[in-house]
Amino acid sequence: MSSTQAARSSTPLLRACDDGTCAAGRVCLDGLCLHRVTANITQSPPEPRSFLGALEHKVWAALEPGPDGIVRCPGAGEGGSVDTGMTPPSSVRCSRGVAGKCRPGRDEPGGYPMDVWDHPAWAAIGVHVDVPHRFHFRFVAGPGSETGSCAFTSQAFGDLDDDGVWSTYERSGMQDATGPNAAAGLYIDPLRMFE
């Protein structure tokens with residue numbers, strides 16, 4: 001473990017702000033210092049909200065019950081599960097790219113090969129990102145709690161200031177033969193680590 005990693009691991013992810021003061025770029029909310037950008041959903045970056053919203057529509061379109069009434073998860077085999085993993089991988093640091101963005105198909109800081117989007121689940125949903133972006137994305141799906149259903153979670157991860165603390169945005173839902181059942185809104189965990 002490097003000295004930087006050791007320093008990060010010894011730094012608490014949650015800091016109390018009893019007196020209402022936090023470090024620069026953070027805001028005191030319910031007694032905790034949170035990244036200012038994620039303290040209020042209306043102030044959160046538009047990229048994760050718009051990408052996850054568009055992804056959710058594509059997932060619903062891909063989750064039609066088959067003739068047997070069973071809903072199969074996109075990119076998974078019969079009754080199987082699927083996890084795309086973080087795309088692009090966390091080793092690609094978007095914040096180090098030009099304008100703080102990842103650059104698909106580029107060999108430069110923040111760049112990565114286009115084939116990271118070749119996962120069967122991304123293909124089944126119809127997702128392929130070829131424009132610069134600040135976030136990393138993940139899709140996880142598997143059999144839901146109801147027989148013949150598919151439950152899914154789509155996520156966006158961002159470390160916009162390259163401090164090793166990743167904010168997480170996610171949407172989830174389930175579909176069975178009776179139709180879709182989406183979780184309410186967008187879940188935000190501004191201090192979840194993903195390494």
- Message: Exactly one of these conditions fails for residue 130: (1) in contact with a Phe, Trp or Tyr (Cβ under 9 Å, 6 or more places away or on another chain); (2) at pLDDT 90 or above. Give me its number.
- Response: (2)
- Task: Could you tell me which of the residues 81, 44, 50 is modelled with pLDDT under 90, open to solvent by 60 Å² or more (accessible area, probe 1.4 Å) and within 27 Å of residue 181 (Cα to Cα)?
- Result: 50
- When only residues in region 109-137 that are surrounded by 14 or more Cβ atoms within 10 Å (Cβ to Cβ) and among the aliphatic types (A, V, I, L, M) count, which is farthest from residue 54 (Cα to Cα)? 116
- Query: Within region 84-108, can you find the residues that are open to solvent by 70 Å² or more (accessible area, probe 1.4 Å) and either closer than 30 Å to residue 147 by Cα or in a loop (DSSP other than H, G, I, E, B) (or both)?
  - Reply: 91, 106, 107
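Yes or no, residue by residue, for (1) touching a helix residue (DSSP H, G or I) at 6+ places or on another chain (Cβ under 8 Å); (2) polar (S, T, N, Q); (3) modelled with pLDDT under 80; (4) over 23 Å from residue 69 (Cβ atoms):
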residue: 154; (1), (2), (3), (4): yes, yes, no, yes
residue: 157; (1), (2), (3), (4): no, no, no, yes
residue: 164; (1), (2), (3), (4): yes, no, no, yes
residue: 168; (1), (2), (3), (4): no, yes, no, yes
residue: 174; (1), (2), (3), (4): no, no, no, no
residue: 182; (1), (2), (3), (4): yes, no, yes, no
residue: 190; (1), (2), (3), (4): yes, no, yes, yes
residue: 194; (1), (2), (3), (4): no, no, yes, yes
- Test residue 147 against the criterion of being surrounded by fewer than 18 Cβ atoms within 10 Å (Cβ to Cβ), of a type in the set (Val, Ile, Thr), in contact with a strand residue (DSSP E or B) (Cβ under 9 Å, 6 or more places away or on another chain) and under 30 Å from residue 67 (Cα atoms), and give yes or no. yes
- Message: Would you confirm, using the coordinates I've provided, whether residue 140 is under 26 Å from residue 162 (Cα atoms), of a type outside the set (Asp, Glu) and open to solvent by 60 Å² or more (accessible area, probe 1.4 Å)?
- Response: no
- Counting just the residues of region 157-185 that are acidic (Asp, Glu) and either open to solvent by 60 Å² or more (accessible area, probe 1.4 Å) or in a strand (DSSP E or B) (or both), which one comes out nearest to residue 74 (Cα to Cα)? 176
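The values are calculated or read from the model by the stated rules, or taken from the named source; none is laboratory data. Quantities reported herein were computed from a predicted structural model and do not represent experimental measurements. Cβ atoms come from the backbone with ideal geometry, glycine included; neighbour counts cover every protein chain shown. These accessible areas exclude ligands, DNA and RNA; they are computed on the full protein's heavy atoms, side chains included. Shrake-Rupley method; radii C 1.70, N 1.55, O 1.52, S 1.80 Å.
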